[in-house]
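Here's the structure, in structure tokens; my notes come after.
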Amino acid sequence: MTRPVSRRHLLKTGAASVAGVGAAVAIGTCDESGFPICRGSQAAAQPAAPAPASPASNAAAAAPSGTGMLFFFNDPEAAFVTAAVDRLIPPDATFAGAAAAGVLTYIDRQLASGFGAGDRMYLDGPWLADAPPEQGYQLRFTPAQLYQIGIEEIRAHVRAANAGREFWDLGEAERDDVLSGLETARIVLPSLPAPVFFETLLANTIEGFFADPAYGGNRDMVGWRMVGFPGAYAQYLELVDAYDYAYRREPISMANEDARHAHLTDHP
Amino acid sequence: MAVRMPPVDVALVGGGMTAAILGKELAEAGHTVVALERGQMRQTIPDFQSPTMHDELKYSVRHGLMQDPRVQTLSFRNFPGQRALPMRQLGSFLPGEGVGGAMVHWNGQTWRFQPEWFALRSWVNDRYGRDFLAEDVTIQDWGLSYEDLEPFYDYFERICGTGGTAGNLRGEVQSGGNPFEGARSAPYPNPPMKQAYSGHLFGTAAAELGHHPFPVPSSNSTRHYTNPYGLELKPCMYCGFCETYGCEHFAKASAQVAILPAALANKNFELRTRSYVLRVEWDRGANVATGVTYVDARGREVFQPAAMVVLCAFAHHNAVLMLQSGIGEPYDPRTRSGTVGRNYTYQTMSGINVFYAGSKRINPFMGAGALGTAIDDVNNGSFDHSGLGFVGGAYIAAYQTSGRPINFHPVPDGTPRWGRAWKQAVAENYNSTVSLTIHGSSVPHPNNYIGLDPSYTDAFGQPLGMVTFDFPYNDRLMSRHVTEKAWRVAQAMGGKSVSVGWLDDHYSIVPYQTTHNTGGTIMGTDPKTSVVNRYLQSWDMHNLWVMGAGVFPQNAGYNPTGTVGALTYWALDAMLKQYLRNPRPLVPS
């Protein structure tokens, strides 16, 4: 399922876009590919809410090198995902949105690995696409295939309905309208039920916002900071019955060796 | 041709809790025992250690310790006549895979069933009359009593180092415990867990309404403890990574910590991993099991001859194995005849969130699997069902198991599912919400059963097990009643808003509910309506025994593990004292 790509430039663009959704399509830092995300004409046509000055941009700027590399998505797919996830979890005055939190990187890595290939999924036929929801996922697609087909068909729908404009060319309200059309099945796609795609994207976006930063999302532990989750830390014996306690310890990623437990050595 | 192994006295199908108990005890009694585990060896060190164990995505979302549906899954439908479709991803319940089975990733909530539950049919008839329930509520007596089982409950709690406050000690009600529990012969071996803020808020409101709050009985050890096998549990650190995780702290009673080392120390016991049992072999003439056939790590079919076979797999898998082996008469919902697969039951769950909207700090991440405050005032034996038209009940608990944010980010009713308002609501409510669990019982219904799927197969080419299940009307009435009681407590907790997750839909295979799948190989007093007798011995062949929650004729409003452990020791007692010296049917059929 992994497609060989060398799209570092796109990622730079993608990273730039996290400065704010409204600004994302307006930045216009085109690379030689001329990829539409860089065209920068859209902001004028569809004025979006001003991008708040947010820690998101700092977080993105501080992202380690290589976190922008994509293993799975091609350029338009990445542009679509970036423009979609930042509406599902938008930036605000205090906390970054999904794009600046690295959710594109997170989903890309997930789709390039076992999850994308249908790890732990029973995929034998026959398939019944119109099965009742109680019976769960019944499509023939791996998650990777679901994303590829879903994005392709949603883009076609958006272009047809918007005089050729792509999803990422739309303003915030228009993008929200497309997303809610997918969510409620108001939009009908040729190959799959739109809500299945939407729910997968929403679930993966929430994962990418809250999973350990080692997976590429939740950059600077923004999701954890937002709710006050301390992460991989593992010891509240003395605090659990301290009612209404104001816990202020910095969150910790499992990638941080300091989170390792000392009793490894005293219990051979 | 299958490879043939040297014969053993006992073959155990599975390497989880019940197999570990039987392996330890039967080996010690001098029998050669092999346990066949489909998954791999896993140990507290190195496999369950932090920080990598503290990975919500890997273990809670992607089910890292669970059965792999690519290899084997079930098909599912809501009612006979509907087309069953494969459960393509795990969701509603999470069977474990690998040594220790589900006892690795359980929470440690260690309940006893109330006494009347074991003779439920007789109890309902005596108390409410034979016409009280609809004829399709096919509850049955278990064939044993709470008093029969009590010594084994007690022993299992000592093996697990269960902590709690006794509510009924030899008939005397104790303050601070559960006054609705059956009489205990001894206190819990360990003190209860610390009670979290969420439990304090719930317990205070519940007591004001006249209920009787108490700490949930917990096998997350509350102190250094050495169990009767000489194995040590260490104190729980309330790390908040318990259910769906292995415990790094040697605190949760897993098979690895509390049982297996004692079994593995005996040369009579062999734990054979990566051995996927396909079927029980049996002699059609003599009507006895002759051993099991499994696929080994190299992909070979291997025959393991054994004088006795015990099914120790997860609940519905034992029923599926019997069906795949052609043992017993499969249950048929049209004629309501046959036994194997009959009375498949589950758990009837609902939930309530109390939102304090930023005005309290709950710190949900300071959690443990069995950290909770509960009331048992609305469980089956605690109140009068007259005029209500249902049997059963639930405990209500404020559990504080974790604040892992991919799965835990509660928002009040009316909040959009995504976007700016959702994000703000998550930020505001994450640390100031208390969740109540209403843990309801489950009665059997003639439509709910386990069969074999007519079209889908597993990786070995065998038909998938097929589950047909929807919530019976009895349980919808029950859930409405107990959830309303919980809502009254929730209203009294002083939150800014309350949201209720009523049970008002069909059963769905998708969202996680519980891994409390019960029935399918039920125990009972009549071979026409049960698979095993009161000792968990097959009615059909005396040297085949079945452990696990599949033997429950109906499921109580409690977590099943305490009862599964007690029943295992109860069956073991019959094997050692009555059966192995003189193998025969222990109950005439």
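The values are calculated or read from the model by the stated rules, or taken from the named source; none is laboratory data. This one's a predicted model, so the numbers in the text were calculated from it and none came from an experiment. Cβ coordinates were reconstructed from backbone atoms using ideal geometry, including for glycine residues, and neighbour counts include every protein chain displayed.
Pairing each residue of the stretch B:396-410 that is without any contact (Cβ under 8 Å) to a residue 60 or more places away in the chain with any residue that is in a loop (DSSP other than H, G, I, E, B) and crowded, with 24+ Cβ neighbours inside 10 Å, provided the two are 6+ apart or on different chains, yields C-beta distances under 8 Å for B:F408/B:P364; B:F408/B:S402.
Restricting attention to the stretch B:192-221, the residues being assigned to a loop (DSSP other than H, G, I, E, B), surrounded by fewer than 24 Cβ atoms within 10 Å (Cβ to Cβ), within 13 Å of another protein chain (Cβ to nearest Cβ) and not basic (K, R) number 2.
For the stretch B:152-183, what are the residues that are touching a helix residue (DSSP H, G or I) at 6+ places or on another chain (Cβ under 7 Å) and either surrounded by fewer than 24 Cβ atoms within 10 Å (Cβ to Cβ) or among the aliphatic types (A, V, I, L, M) (or both)? Answer for the stretch B:152-183, where residues must be touching a helix residue (DSSP H, G or I) at 6+ places or on another chain (Cβ under 7 Å) and either surrounded by fewer than 24 Cβ atoms within 10 Å (Cβ to Cβ) or among the aliphatic types (A, V, I, L, M) (or both): B:F152, B:Y155, B:I159, B:F180, B:G182.
When B:G550 is tested against the conditions (1) closer than 17 Å to B:T138 by Cβ; (2) within 19 Å of the chain's Cα centre (by Cα); (3) assigned to a loop (DSSP other than H, G, I, E, B), the lone failure is (3). Would you confirm whether or not the stretch B:161-174 contains a residue that is of a type in the set (S, T, N, Q), within 30 Å of B:G64 (Cα to Cα) and part of a helix (DSSP H, G or I)? There is no residue in the stretch B:161-174 that is of a type in the set (S, T, N, Q), within 30 Å of B:G64 (Cα to Cα) and part of a helix (DSSP H, G or I). All conditions in (1) facing chain B (nearest Cβ under 8 Å); (2) in a loop (DSSP other than H, G, I, E, B) hold for A:R249, with the sole exception of (1).
Of all the listed residues (B:G501, B:G495, B:G519), the sole one being of a type outside the set (S, T, N, Q) and either at positive phi or surrounded by 24 or more Cβ atoms within 10 Å (Cβ to Cβ) (or both) is B:G519.
With respect to A:G217, determine if the residue is closer than 14 Å to A:I107 by Cα and either at the interface with another protein chain (Cβ under 10 Å from one of its Cβ atoms) or among the aromatic types (F, W, Y) (or both). Considered against the rule, which asks whether it is closer than 14 Å to A:I107 by Cα and either at the interface with another protein chain (Cβ under 10 Å from one of its Cβ atoms) or among the aromatic types (F, W, Y) (or both), A:G217 comes out as yes. Based on this model, can you work out whether B:P261 counts as free of Cβ contacts under 8 Å to residues at least 60 places away in the same chain, more than 30 Å from B:A27 (Cβ to Cβ) and surrounded by fewer than 22 Cβ atoms within 10 Å (Cβ to Cβ)? Considered against the rule, which asks whether it is free of Cβ contacts under 8 Å to residues at least 60 places away in the same chain, more than 30 Å from B:A27 (Cβ to Cβ) and surrounded by fewer than 22 Cβ atoms within 10 Å (Cβ to Cβ), B:P261 comes out as no. Conditions first: (1) within 14 Å of chain A (Cβ to nearest Cβ); (2) within 30 Å of B:R342 (Cα to Cα); (3) not hydroxyl-bearing (S, T, Y). B:W142 passes all but one, so which condition is the exception? Only one criterion is unmet by B:W142, namely (1). Of everything in the stretch A:132-145 that is closer than 12 Å to A:V196 by Cα and among the hydrophobic types (A, V, I, L, M, F, W, C), the residue that is farthest from the other protein chains (Cβ to nearest Cβ) is A:F141.
When the residues of the stretch B:43-88 are narrowed to those that are basic (K, R) and free of Cβ contacts under 8 Å to residues at least 60 places away in the same chain, which ends up nearest to A:G217 (Cα to Cα)? Among those residues, the one meeting the criterion is B:K58. Does at least one position in the stretch A:59-74 carry a residue that is β-branched (V, I, T) and modelled with pLDDT of 95 or more? Scanning the stretch A:59-74, I find no residue that is β-branched (V, I, T) and modelled with pLDDT of 95 or more, so the answer is no.
Somewhere in the stretch B:64-73, is a residue in contact with a helix residue (DSSP H, G or I) (Cβ under 9 Å, 6 or more places away or on another chain), surrounded by fewer than 21 Cβ atoms within 10 Å (Cβ to Cβ) and of a type in the set (D, E, K, R)? No: zero hits.
Residue-wise test of (1) of a type in the set (F, W, Y); (2) more than 14 Å from chain A (Cβ to nearest Cβ); (3) touching a residue at least 60 places away in the same chain (Cβ under 8 Å).
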position: B:Y229; (1), (2), (3): yes, yes, yes
position: B:Q256; (1), (2), (3): no, no, yes
position: B:L271; (1), (2), (3): no, yes, yes
position: B:V277; (1), (2), (3): no, yes, yes
position: B:V295; (1), (2), (3): no, yes, yes
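Of the residues B:V500, B:V482, the single one that is aliphatic (A, V, I, L, M), assigned to a helix (DSSP H, G or I) and in contact with a strand residue (DSSP E or B) (Cβ under 6 Å, 6 or more places away or on another chain) is B:V482.
Counting only residues that are more than 7 Å from chain B (Cβ to nearest Cβ) and touching a Phe, Trp or Tyr at 6+ places or on another chain (Cβ under 8 Å), the stretch A:225-237 holds 2 of them. The condition of being in contact with a strand residue (DSSP E or B) (Cβ under 8 Å, 6 or more places away or on another chain), part of a loop (DSSP other than H, G, I, E, B), farther than 20 Å from B:M466 by Cβ and at the interface with chain A (Cβ under 8 Å from one of its Cβ atoms) does not hold for B:H63.
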